[in-house]
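Below is one structure, written out as structure tokens; the observations come after it.
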Amino acid sequence: MNQWILPMVGERVFVNDVALRDGFQIEPVFVPTDDKVKLANGLARTGLHKIEVTSFTSAQAIPALRDAEAVMRQIQRVPGVTYVALVLNARGAERALACEVDEINLVVSASETHNLCNTRMTRAQSLQVLRAIVEQVRGKMAVNISVSTAFGCPMEGPVAPQEVLAIGDAFVSLGVNGITLCDTTGMANPAQVYQSCQGLRERWSKTAVTLHFHNTRGMGLANVLAGLAAGVRHFDASLGGLGGCPFAPGASGNICTEDLVHMLQNMGYDTGVDLSALLACARGLPSLVGHGVPGQLLMAGPSDRHYPVPADFNDTLTRAQERDAQSAGARA
Ligand code: COA
Ligand code: ZN
């Protein structure tokens, strides 16, 4: 492995939150529309770069997001924030256009098996459908293409990096605005991420490259560092660490937005995000989803949190000082 060189302190790193889409899509409870809208409005005021608000998919497939139109129409758009929605087919693109989303996030899997499970199409069929959507929305909204299972498929196993590059190249040549490589079930390791992502910024120089990690095996934030060292500056994450694809066996939460922002800020990078405002949003999550969330910062607080010393601290100190005085006396 080559030696990693991390970006200079002060560099801008962009954080996108996907809790409202990736997070809620796998929750068994339906989070009421008003609560989704409040959360989107709260997140938009934290300084996040993008917010993935919902998906325009089939209500039978993803019942938790069946209120996509209502959510999109009720949110108060904050200037400077890009509001994104996930789209898998032409009908979804039409719905997104009608709601004037800023950007659609199109999805195809690098693995044939996961693509069939997720979209009920072969990869070739998905690519055909998605290419037509890029033409359909050209000039009307931005387009990002997400490549799922880019670092491994829970059913097929390893995914050849060439497969991922070929999909990326095809969409770059169509002029999409961004490409996201997704580690759908947390199979990537940092060495693999570094190797796969090195040179991507140069290869797709006019297209924003984003990494989307799930923390299924605890490697999520380490993978972010590997991505940073390889030149990537955009990362998806989910508030509270919620998330997962309902059609990927073994899926679990994304890397946690507040944990990611905290790490990046402590390392001296500029995220543009107000961490305490983000934590205030995260605190409301357990009551929305009806269970605790995996994020660490919600439990521990930021690392600059100071605890009071124990009540018997002064006694302990006095006794230690007395021992010093006694041994000094004995030496004299
Ligand atoms: N919006 C709303 N409804 C849609 C839709 C869309 N974009 N696309 C399809 N539908 C509806 C159809 O109208 C049909 O409804 P009906 O049964 O009442 O007639 C039903 O969904 C099935 O449609 P069909 O075209 O036969 O699609 P399918 O059964 O092959 O399902 C998908 C394909 C992609 C539409 C569906 O599997 C889906 O939405 N999956 C969601 C995947 C996802 O979000 N994964 C996680 C994020 S990556
Ligand atoms: Zn995901």
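What follows draws every value from the coordinates through simple rules; no lab data is involved. As the structure is a computational prediction, the values presented were derived from the model and not from experiment. FYI the Cβ positions are ideal-geometry reconstructions off the backbone, even for glycines, and counts take in every protein chain you see.
In a reduced charge model with +1 at each Lys and Arg Cβ and -1 at each Asp and Glu Cβ, segment 1-129 shows a dipole moment near 100 debye about its Cα centre.
For N266 and N2, compute 0.36 nm times the residue count separating them, minus their Cα-Cα distance, and round to one decimal in nm.
92.5 nm
Take peptides 206-214, 186-194, 127-135 and line them up by average Cβ neighbours within 10 Å, highest first, as a rough protection proxy. Don't skip to the answer; put the middle values down first.
On the way: 206-214: 22.4, 186-194: 20.9, 127-135: 16.6.
With the highest mean Cβ count within 10 Å placed first, the list reads 206-214, 186-194, 127-135.
Pull out a ≥ b ≥ c, the square roots of the eigenvalues of the alpha-carbon gyration tensor of segment 119-171, then state rounded if a/c is under 1.5, prolate if not and a/b is larger than b/c, and oblate in the remaining case. Working shown, then result.
On the way: a/c = 2.51, a/b = 1.90, b/c = 1.32.
Note, shape of segment 119-171 comes out prolate.
Three principal axis extents of segment 200-328 based on alpha-carbon atoms, in descending order, are 71, 40, 28 Å.
Which value, in debye to the nearest 20, describes the size of the charge dipole of the chain about its Cα centre when Lys and Arg Cβ atoms bear +1, Asp and Glu Cβ atoms bear -1, and nothing else is charged? Spell out each step's value before the answer.
Details: 26 positive and 30 negative charges, 90 e Å.
Value, rounded to 20: 440 debye.
Suppose only helical runs count, i.e. DSSP H with n ≥ 4. What mean residue ellipticity at 222 nm does that imply for the chain under -39500 (n - 2.57) per run, divided by all residues and rounded to the nearest 500 deg cm²/dmol? Don't skip to the answer; put the middle values down first.
Values: 14 runs with 133 residues, N = 332.
Computed ellipticity for the chain at 222 nm equals -11500 deg cm²/dmol.
Net charge within 14 Å of E202 by Cβ-Cβ distance, Lys/Arg positive one each and Asp/Glu negative one each, not counting E202 itself? Around E202, the surrounding residues sum to +3.
Quick one: grab the alpha carbon gyration tensor of the chain, order the square roots of its eigenvalues as a ≥ b ≥ c, and give me rounded if a/c is under 1.5, else prolate or oblate depending on whether a/b is larger than b/c. Don't jump to the answer; show the numbers that get you there.
Working: a/c = 2.26, a/b = 1.72, b/c = 1.31.
It is prolate, given that a/c is not under 1.5 and a/b is the larger ratio.
Of all beta bridges that DSSP places with both ends in the chain, some 5 percent have antiparallel geometry.
For the chain, the residue among L264, A248, V101 whose Cα projects farthest onto the positive side of the dipole built from Cβ charges is V101.
Select from H49, L279, Q125 the residue farthest towards the positive end of the dipole of the chain; place +1 on Cβ of Lys and Arg, -1 on Cβ of Asp and Glu, and compute about the Cα centre. The residue sitting most towards the positive pole is Q125. Dipole check for segment 56-97: with +1 at the C-beta of Lys and Arg, -1 at the C-beta of Asp and Glu, and the Cα centre as origin, the magnitude is about 40 Debye. Among beta bridges from DSSP that stay inside segment 100-232, the antiparallel ones total about 5%. Between the residues L228, L165, L297, the greatest Cα displacement towards the positive end of the dipole of the chain, with unit charges on the Cβ of Lys, Arg, Asp and Glu, is found for L165.
Measuring nothing but alpha carbons in segment 79-126 and taking Rh as the Kirkwood radius, the Rg to Rh ratio lands at 1.08.
When the chain is treated as a Gaussian network with alpha carbon springs shorter than 10 Å, the biggest mean-square fluctuation among C245, C182, C117 belongs to C117.
Sparse packing (at most 15 other Cβ atoms within 10 Å of the Cβ) combined with a DSSP loop state is found for the following GluC sites (Glu not before Pro) in segment 23-120: E100.
Cross-link partners among lysines for K206, C-alpha distance below 22 Å, same-chain residues fewer than 8 apart left out? Output for K206: K50, K140.
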